[in-house]
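Novice: The following block contains the structure, expressed as structure tokens.
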Amino acid sequence: MTSERPTIAADLDVNESEDGLIIYVPTTDRVHYLNATASVVLELCDGSRTAEEIAEGVRQLFELELSPVVETKECLARLLREGLVS
């Protein structure tokens, strides 16, 4: 990851669905379907949290025993590759 405190990319068209988010990226003309967990990760990308802090937010929300740091970093890397966060 290149951003220590990721933020949601500008100009995304974000819509809620029953099981996550549907995101249209006008600059690439692509649509992304995020499941509930990836949606939470994206929503926590407000520029104030590190990957570890985002993982802790996921842990608390889903009432997990351990913070999913590795999985969260992998998710953030995918979101970054797809241009959903910077």
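Computed from the coordinates by the stated procedures, all read-outs in this text should not be read as laboratory data. Here the structure is a predicted model, which means the values were calculated and not measured. Note: ideal-geometry Cβ built from the backbone for every residue, glycine included; neighbour counts use all protein chains shown.
Novice: With the crude spin-label approximation of a point 7 Å out along Cα→Cβ, what separation in nm comes out for R5 versus E82?
Specialist: Between R5 and E82, the label points sit 2.5 nm apart.
Novice: Per-residue ellipticity at 222 nm for the chain, helices alone: DSSP H runs ≥ 4 residues times -39500 (n - 2.57), over residue total, nearest 500 deg cm²/dmol?
Specialist: One gets -11000 deg cm²/dmol as the mean residue ellipticity at 222 nm.
Novice: In whole Hz, what ³J(HN,Hα) sequence does the range 68-76 give by Karplus (6.51, -1.76, 1.60; θ = phi - 60°), x for Gly and Pro?
Specialist: With the stated coefficients, the range 68-76 comes to x, 5, 4, 5, 5, 5, 5, 4, 4 Hz.
Novice: Give me the net charge for the shell around A38: Cβ to Cβ below 12 angstrom, other residues only, Lys and Arg +1, Asp and Glu -1.
Specialist: Once positives and negatives cancel, what remains is -4.
Novice: With only Lys, Arg, Asp and Glu charged, each at its Cβ (+1 for the first two, -1 for the last two), find how big the charge dipole of the chain is about the Cα centre; round to the nearest 20 debye.
Specialist: Dipole magnitude for the chain comes out near 300 debye.
Novice: When N is the residue count of the range 1-51, what does its C-alpha Rg come to as a fraction of 2.2 N^0.38 Å?
Specialist: 1.15
Novice: Using bins 5 angstrom wide from zero, how does P(r) for the chain break down, in % of all Cα pairs?
Specialist: 3, 15, 28, 24, 19, 8, 2, 0
Novice: With θ set to phi - 60°, apply the Karplus curve 6.51 cos²θ - 1.76 cosθ + 1.60 along the range 36-49 and write out the HN-Hα couplings as whole Hz, x wherever there is a Gly or Pro.
Specialist: 4, 5, 4, 5, 5, 4, 4, 5, 7, 7, 10, x, 9, 10
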